[in-house]
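First up is the structure itself, then whatever we jot down about it.
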Amino acid sequence: MDADTVVEGLVGSVFGLVMLCQGAESVELGGVDPERWITERGGEVRVLQPRRTRPRG
């Protein structure tokens with residue numbers, strides 16, 4: 001995604017990281033940051049967090 005990506009009316013879920021491209025640079029958005037970024041631009045999504053598994057052993 002970049003600053004020109006249209007998310008108005010976008011509804012759904014996001015899983016994992018989102019890569020935000022800004023010119024030649026890119027930034028990974030994780031946690032609640034993708035949700036916040038999309039909401040600020042008119043979308044309505046929920047970020048799904050990965051399940052934590054217990055270590056084997």
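With an 8 Å cut-off on Cα pairs and a minimum separation of 6 or more residues, tell me the relative contact order of the chain in percent. Each step should come with its number before you reach the end.
Working: 78 pairs, mean separation 22.7, N = 57.
The value is 40 percent.
Using only the alpha carbons of the chain, determine the length spanned along each of the three principal axes and report them from longest to shortest in whole angstroms.
47, 28, 11
Summing Lys, Arg as +1 and Asp, Glu as -1, what charge do residues with Cβ under 14 Å from the Cβ of residue 40 carry, residue 40 excluded? Walk me through the intermediate numbers first.
Details: positive: 36, 41; negative: 8, 33, 35, 44.
Residues near residue 40 contribute -2 overall.
What percentage of the solvent-accessible surface of the chain, computed with a 1.4 Å probe over protein heavy atoms, is contributed by carbon and sulfur atoms? Display every interim value, and only then the final one.
Details: 2340 of 4800 Å².
Roughly 49 percent of what the probe reaches on the chain is carbon or sulfur.
The values are calculated or read from the model by the stated rules, or taken from the named source; none is laboratory data. Just so you know, these numbers come straight off a predicted model, no measurement behind them. Cβ sites come from the backbone with ideal geometry, for glycine too, and all protein chains shown count toward neighbours. These accessible areas exclude ligands, DNA and RNA; they are computed on the full protein's heavy atoms, side chains included. Shrake-Rupley method; radii C 1.70, N 1.55, O 1.52, S 1.80 Å.
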